[in-house]
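Working notes, beginning with the structure itself.
Where a number appears in this text, it was derived from the coordinates with a stated rule and is not lab data. Since the structure is predicted, the reported quantities are computational estimates derived from the model, not experimental observations. Note that each Cβ is placed from the backbone with ideal geometry, even for glycine, and that neighbours are counted across all protein chains shown.
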Amino acid sequence: MISVETALSHLFDLVAPMGVETVPLRHAAGRVLAEDVTTPLTQPPFAASSMDGYALHRAEVEPDAMFKVIGEAAAGHRFDGVVKAGQAVRIFTGAPIPEGADFVVIQEDTSRRGDLLMLGHDIDGKDNIRPAGGDFKAGDVMTAPRVLRPADIALLAAMNIAEVPVHIAPQIAIIATGDELVQPGETPGPDQIIASNTYGLAAMLEQIGARCRLIPIARDTAASLTQSFKLAQGADLIITIGGASVGDHDLVAPVAAELGMEQAFYKVAMRPGKPLMAGKLGKTPMIGLPGNPVSAMVCGVVFVAPVLRKMLGLAGKAAPRTPMPLALDLPKGGPRTHFMRALVRDGAVHPESNQDSSLLSVLAQADVLMIRPADDPARQSGEMMECIPL
């Protein structure tokens, strides 16, 4: 068996960032920016008022000062004249500051009768002007790679970027194996259960940015599994679930070998998820996950999600970990790294008492995977433990 860290390193070696495609800005949210984008614009392109009020000379601002209102400026409609001594222009938020003015008195600090404007007794010293280029300037760069969030999309729109270079979304083929499985919605036989792993993994990976294909369930025969691998052709990554151990009905490794798979590793010193396998089937990377539902999902978090992020052009690194105080005492740990399903309550982490790898209900309630290293000593309440958010 190899360590979790070594397994992840081998997995990163199997994949590379996907190519680049250009998509309309409207469809770029959640995608990974593949190339730096440079704005041709300055924003705002002119000094603009940040408040509704009156534009005038700062030097003339004093209590009860009086001005003649000579015009109006609104967003999209500038005042074309020049503001001279003793003059003011009615101005609204977003409007260009008229030539000659360098201060905006907010309307609450004024009174007006006809064209005569009088200032109040207590004028705030803030000029209420947004300078040209205060947000960004022509030549500023949005750097890649980055997952494009809604705020990034808004910024790109303001930068007048209509099309965005992004990494192509990897297509992942997911193959569930086993005579005991039927699809959700079907009626299971007396010795069968519902296939759940494919749906959970697809949801996880699509949330990150993949496009997943669920291959029909492969039965426990070499012919059925071979057909499933044929159906998976063209995918950027193949994931099998179940059949990766060494039992009489575990056919993934021998069938994949017959099809030319070069195995990178088999078995990882972790709990749950020990019977993990990976390699290349031709030019296509392949990951064989264990069949227990929680094992498959935990391996998805620990291994498949980081691999997918590398394929999307992001840094190839382990899932982010957050230190949290332990809520209770724990006895000495086992010989494998243990990813324990745990709740977070009042800022502390509470490992679930039942860590059976078949219990999806426990995983669904968990907030984090709390990590106990191999041969972890007994722990006391309050000690800090590394956790992967779910």
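Taking N as the number of residues in segment 302-389, what value does Rg over Cα atoms divided by 2.2 N^0.38 Å take?
Expressed relative to 2.2 N^0.38 Å, the Cα Rg reads 1.15.
How large is the convex hull of the Cα atoms of segment 1-64 per residue, expressed in Å³ as a whole number?
Convex hull volume per residue, Cα atoms: 266 Å³.
To the nearest 10 degrees, how steep is helix 197-208 against the longest Cα principal axis of the chain, on a 0 to 90 scale?
That works out to roughly 30 degrees.
Using DSSP to call loops (not H, G, I, E or B), can you name the trypsin sites (Lys or Arg not before Pro) in segment 251-327 whose Cβ has at most 13 other Cβ atoms within 10 angstrom? Spell out each step's value before the answer.
Working: sites: Lys267, Lys280, Lys283, Arg309, Lys310, Lys317, Arg321; in loops: Lys267, Lys283, Lys317, Arg321.
Answer by residue number: Lys283, Lys317.
Need one number: the % of Cα-Cα pairs in segment 9-123 sitting beyond the 25 Å mark.
Within segment 9-123, distances greater than 25 Å cover 45 percent of Cα pairs.
On a C-alpha basis, how far is the centre of segment 321-374 from the centre of segment 296-315 in Å? Whole number, if you could?
Going from one Cα centre to the other spans 20 Å.
About its Cα centre, how strong a charge dipole does segment 245-390 have in debye, to the nearest 20, once Lys and Arg get +1 and Asp and Glu get -1 at the Cβ?
The calculation lands at about 440 debye.
Taking a quarter of the surface of the Cα convex hull of the chain, what do you get in nm²?
Across all orientations, the chain yields a mean hull projection of 27.4 nm².
Counting Lys and Arg as +1 and Asp and Glu as -1, each charge on the Cβ, what is the dipole of the chain about the Cα centre in debye, to the nearest 20?
660
Could you tell me which of Val23, Gly300, Leu326 has its Cα farthest along the dipole of the chain towards the positive end, charges placed at Cβ (Lys, Arg +1; Asp, Glu -1), taken about the Cα centre?
Gly300
Please compute, for the alpha-carbon atoms of segment 64-175, the extent along each of the three principal axes and give them in descending order in Å.
Result, largest extent first: 78, 27, 21 Å.
Using the Cα centre of the chain as origin and beta-carbon charges of +1 (Lys, Arg) and -1 (Asp, Glu), tell me which of Val368, Val166, Leu41 is placed farthest towards the positive end of the dipole.
Result: Val166, furthest along the dipole toward the positive end.
Quick one: dipole size for segment 1-128, taken about the Cα centre, charges +1 on Lys/Arg Cβ and -1 on Asp/Glu Cβ, in debye to the nearest 20.
Values: 10 positive and 19 negative charges, 88 e Å.
Using only the charged Cβ atoms, the result is roughly 420 debye.
Given Lys84/Lys126; Lys230/Lys317; Lys310/Lys332; Lys230/Lys274; Lys84/Lys137, which pairs have Cα atoms separated by over 24 Å?
Violating the 24 Å Cα-Cα cut-off are Lys230/Lys317; Lys310/Lys332; Lys230/Lys274; Lys84/Lys137.
For segment 197-355, restrict the atom set to alpha-carbon positions and state the Rg and Dmax in Å.
17.1, 53
Can you list the residues, at least 5 places off or on another chain, whose amide H is less than 5 Å from the amide H of Asp220, using H built in the peptide plane?
Amide H neighbours of Asp220: Gly178, Asp179.
Restricting to DSSP loop positions (anything but H, G, I, E, B) with no more than 11 other Cβ atoms inside 10 Å of their own Cβ, which GluC sites (Glu not before Pro) remain in segment 179-279?
Glu186
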